[in-house]
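The values are calculated or read from the model by the stated rules, or taken from the named source; none is laboratory data. Not measured: the values here are computed from a predicted model. Note: ideal-geometry Cβ built from the backbone for every residue, glycine included; neighbour counts use all protein chains shown. Accessible surface is based on the protein model in full, side chains and every heavy atom, while ligands, DNA and RNA are left aside. Shrake-Rupley method; radii C 1.70, N 1.55, O 1.52, S 1.80 Å.
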Amino acid sequence: MKLARLLALVLAAIAAPLAAQHPPSAAPAHAPDYAQPDTWLCLPGRADACSAPQDATIVAATGRQSVEAFKPASAPQFDCFYVYPTVSLDPTPNADLKPGLEEKAVAAFQAARFAKHCRVFAPLYRQITLAGLRRLGTTTAATADRALAYGDVKAAWAHYLATENKGRGVVLIGHSQGSGMLKQLIAEEIDGKPAAAARIISAMLIGTNIAVPKGKDTGGDFKAFPLCRKATQTSCLITYVSFRAETTPPDNSRFGVVASPGMVAACTNPAALGGGKALTDNYLGTRGAGLGSGIQAPWVKDGPAVTTPFVKAPGLISTECVQNGKFSYLAVTVNADPADPRTDTIAGDITVLNKVLADWGLHLIDMPVVMGNLVELTNTQAKAWAAKQR
């Protein structure tokens with residue numbers, strides 16, 4: 001695909017409203033048959049996007065490099081159900097069910113590392129594409145259908161519960177449009193339903209806005225599904241959107257703000273669920289954050305090139321949930337030290353024609369800045385969930 005077309009799609013996605021704001025159609029088409037393996041982007045035990053290499057180069061502040069080999073769990077005791085964000089480059093308003101390189105790449109970037117502790121299930125779904133976002137709010141006849149996308153996710157979840165769950169605990173994981181799908185799933189199928197909620201270890205709805213009453217952990221979008229405030233809490237929610245700490249979100253940002261009076265966008269810091277600022281266990285893309293991102297600067301000045309797909313930079317990043325006017329978000333601090341040889345910058349802003357789009361914050365790296373924390377939280381919470389079952 002030519003660069004000009006990619007750029008046009010990115011511009012279209014940025015200019016359009018969020019897919020979650022588009023009203024669903026009344027009668028979505030029948031969902032795919034999720035008994036068929038080819039309707040899944042990731043399934044346990046097969047070579048697919050969620051078995052992509054996850055080795056990381058640890059880059060210390062001194063510039064010293066070492067490789068951390070990734071090893072998936074040999075006998076995982078719980079499951080992860082992942083719904084990917086808006087990535088489809090299909091020219092139609094809704095995606096087909098044939099995974100392109102973009103779907104595979106985002107699953108490798110966001111979901112594969114969770115296989116360290118859990119079985120990863122990721123359904124293909126007819127998401128609203130980047131081209132579809134462009135058409136929202138226009139008079140174009142063929143418009144994106146959010147209900148079609150959600151119907152697929154709901155059907156995949158029902159199939160998973162009926163055939164694969166078998167009493168296992170499960171973590172729900174989503175980003176951006178994927179989080180919007182899971183937000184609706186929780187509201188309709190889990191929230192306020194004790195039997196359904198009991199099988200949920202936790203839900204990680206990242207890169208979307210979840211409304212809660214200011215100063216409270218329940219209410220708003222979910223009535224009985226609280227925010228997670230400690231690592232051993234279960235049947236709870238981890239959610240945030242991220243911005244650079246030194247950048248105030250511009251007034252037109254759609255992230256970190258909700259319209260409901262008395263409500264704020266929920267924020268839970270995976271590196272410190274109880275609150276405060278903490279260093280993160282990050283896993284960043286070696287060359288950047290993919291489509292729309294700038295290129296990552298060399299990790300070490302005059303150092304050897306990094307050859308693994310990921311970099312872990314201990315001590316480089318800190319995160320903290322902050323309230324800034326009407327915005328509530330995860331503030332990301334890069335602990336730069338010009339005196340050491342390690343990079344003082346991280347890629348992650350959406351950049352178009354060399355211009356940073358500040359209203360999107362660090363949406364592209366919402367997960368990588370705290371990826372290790374998220375992965376280990378699933379394991380800690382799963383152990384707490386299992387203890388409750390006993």
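Taking the charge dipole of the chain about its Cα centre, with +1 at Lys and Arg Cβ atoms and -1 at Asp and Glu Cβ atoms, the residue from T86, G100, H117 reaching farthest to the positive side is H117.
Do any of K193/K223; K216/K326; K104/K230; K277/K301 go past 21 Å between their Cα atoms, and which? The answer is K104/K230; K277/K301.
Length available on full extension from R46 to K166: 0.36 nm per residue minus the Cα-Cα distance, which gives 41.2 nm.
When K312, K71 are compared by accessible area of protein heavy atoms, the largest-first order is K71, K312, using a 1.4 Å probe.
Between I58 and D337, the contour length at 0.36 nm per residue exceeds the alpha carbon distance by 98.7 nm. According to the Cα-based calculation, Rg over Rh for region 197-300 is 1.01, with Rh computed by the Kirkwood formula. Where (1) 156; (2) 143; (3) 170 are the candidate values, the label of the one calculated here for volume of the Cα convex hull per residue in Å³ is (2). Every helix of 4 or more DSSP H residues in the chain counts as -39500 (n - 2.57), and over all residues that averages to -6500 deg cm²/dmol at 222 nm.
Summarising the label geometry, the points placed 7 Å from Cα in the beta-carbon direction at E188 and E376 lie 3.7 nm from one another.
Extending each Cα 7 Å along its Cβ direction at K326 and L101, get the distance between those two points in nm, one decimal. In this crude label model, K326 to L101 measures out at 4.0 nm. Once the chain from K277 to T345 is taken as fully extended at 0.36 nm per residue, the excess over their C-alpha distance is 22.6 nm. Listed by chain and number, the aspartates and glutamates whose C-alpha is less than 18 Å from the C-alpha of K214, apart from same-chain residues fewer than 8 away, are E320. S235 sits with roughly 30 Å² accessible to a 1.4 Å probe, with DNA, RNA and ligands left out of the calculation.
Could you order peptides 220-227, 363-370 by the average number of other Cβ atoms within 10 Å of their residues, highest first?
363-370, 220-227
Toward the positive end of the charge dipole of region 136-242, with +1 on the Cβ of Lys and Arg and -1 on the Cβ of Asp and Glu, the farthest Cα among G219, L148, L185 is that of G219. Spatial offset of region 322-390 relative to region 133-206 amounts to 23 Å, using the alpha carbon center of each. Label-to-label distance, A386 versus S66, with points set 7 angstrom from Cα along the beta-carbon direction: 2.8 nm.
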